[in-house]
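The next block holds one structure in the form of structure tokens; read it before the comments.
Nothing in this text is a laboratory measurement; each read-out follows from the coordinates by a stated rule. Computed from a prediction, not measured in an experiment: that's the story for all the values here. Using ideal geometry, Cβ is built from the backbone for each residue, glycine included, and neighbour counts are taken over all protein chains shown.
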Amino acid sequence: CRPVAVCLVTFAVYVLVDVNNILDAEKAFVSLSLFNILRFPLSMLPMVISNVVQVRVSLTRLRNFLGSEELDPSAVTQDPESKHAFSIKDGEFAWDRAAGSTLRDINLEVPVGSLIAVVGSVGTGKSSLLQALLGEMDKIHGDVTIKGSVAYVSQQAWIQNATLQDNILFGKSADVSQYRSVIDACALQPDLDIMPAGDQTEIGEKGINLSGGQKQRVSLARAVYQDRDLYLLDDP
């Protein structure tokens, strides 16, 4: 209906603007052919504009990321002889030095083999504390020491566009016994039972076909399967 209306309006304007304009068969059929050729490019124009805007935003983010300062690789010290799994002494950390410190006067010692919960209201720096332990924040001063390898489960689960099994293995070779133990420990078996292909079910981009709880369980299972010495769980 819309292409027909465009053709009728175009022909009407052509005839009405000048009495010398005569719409004959030759002009009409050539015009219809041109309209048909232009239909697809014009229908794609809004999508092209939207993609150009997205590309511009993405390039700005990439430029800001690639142009940002490198993190200090010595911000966190590995000490195999330490008596503590994690320790911070007189720590002060910031996301942006120009904006001032986010965490200050931090002193923390976590014994090996212990289970510690950091509790507080929203925005009090719990996630920032974990990022400081991982060396992801700018350390203004202080000492951060860890003992052993670390696995981290973020507050917002990161899911690959792959099978559920691949999301758990995360590039590590499959050990059937360990894999089954992780599935049971993270309470994923009921989820696998309702999935059409079990752990071979393809997970869409950003885990679009998983619920929030399922995403977190997959993320937790991935960390557990890596068999690290220390685990940091952000809002588990």
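Please identify the helices of the chain, taking whole runs of DSSP H, that span at least 27 Å along their own axis as judged from the Cα atoms and have a mean Kyte-Doolittle score of 0.0 or higher.
25-66
Relative contact order for the chain: what percent, with Cα pairs under 8 Å and sequence separation of 6 or more?
Normalised by residue count, the contact order of the chain is 19 percent.
Using a 7 Å offset from the Cα along the Cα-to-Cβ direction at both Q200 and I22, what is the distance between the two label points in nm, to one decimal?
Calculated label separation equals 7.3 nm.
Pick the calculated Cα extents along the principal axes in Å for this structure from (i) 61, 45, 36; (ii) 97, 51, 32; (iii) 59, 39, 35?
Step by step, Cα extents along the principal axes in Å for this structure corresponds to label (ii).
Take the alpha-carbon centre of region 179-236, take the same for region 15-60, and report the distance between them in whole Å.
Cα centroid of region 179-236 versus Cα centroid of region 15-60: 50 Å apart.
Looking at Q165, T77, V224, which one has the Cα that reaches farthest to the positive end of the dipole of the chain (charges on Cβ: Lys, Arg +1; Asp, Glu -1)?
Ranked along the dipole, the leading option is Q165.
Run down the lysines and flag those whose C-alpha is under 27 Å from the C-alpha of K172, throwing out any fewer than 8 positions away in its chain.
Hits, sequence-local ones excluded: K147, K206, K215.
Could you give the size of the charge dipole of region 1-63 about its Cα centre, using +1 on the Cβ of each K and R and -1 on the Cβ of each D and E, expressed in debye and rounded to the nearest 20?
Dipole size: approximately 640 debye.
Can you tell me which of D96, D175, D24 moves the most in a GNM of the chain? Springs connect C-alpha atoms under 10 Å apart.
Result: D24 has the largest fluctuation of those listed.
At 7 Å along the Cα-to-beta-carbon direction for both K89 and D175, put a label point, then send me their distance in nm to one decimal.
3.5 nm
Please find, in a Gaussian network model of the chain (springs between Cα atoms separated by less than 10 Å), the residue of L169, L62, L108 whose mean-square fluctuation is greatest.
L62
Exactly which trypsin sites (Lys or Arg not before Pro) in region 100-202 are in a DSSP loop and have at most 15 other Cβ atoms within 10 Å?
Those satisfying the criteria are K172.
Longest segment of the chain with no GluC sites (Glu not before Pro) in a DSSP loop having at most 11 other Cβ atoms within 10 Å?
No qualifying site falls inside 82-236, the longest such stretch.
Would you work out the charge dipole size for the chain about its Cα centre, treating the Cβ of every Lys and Arg as +1 and the Cβ of every Asp and Glu as -1, and quote it to the nearest 20 debye?
My answer is approximately 640 debye.
Could you calculate the FRET efficiency of V57 with S127 from 1/(1 + (r/R0)^6), where r is the beta carbon distance between them and R0 is 25 Å, rounded to 0.05?
Between V57 and S127 the formula returns 0.50.
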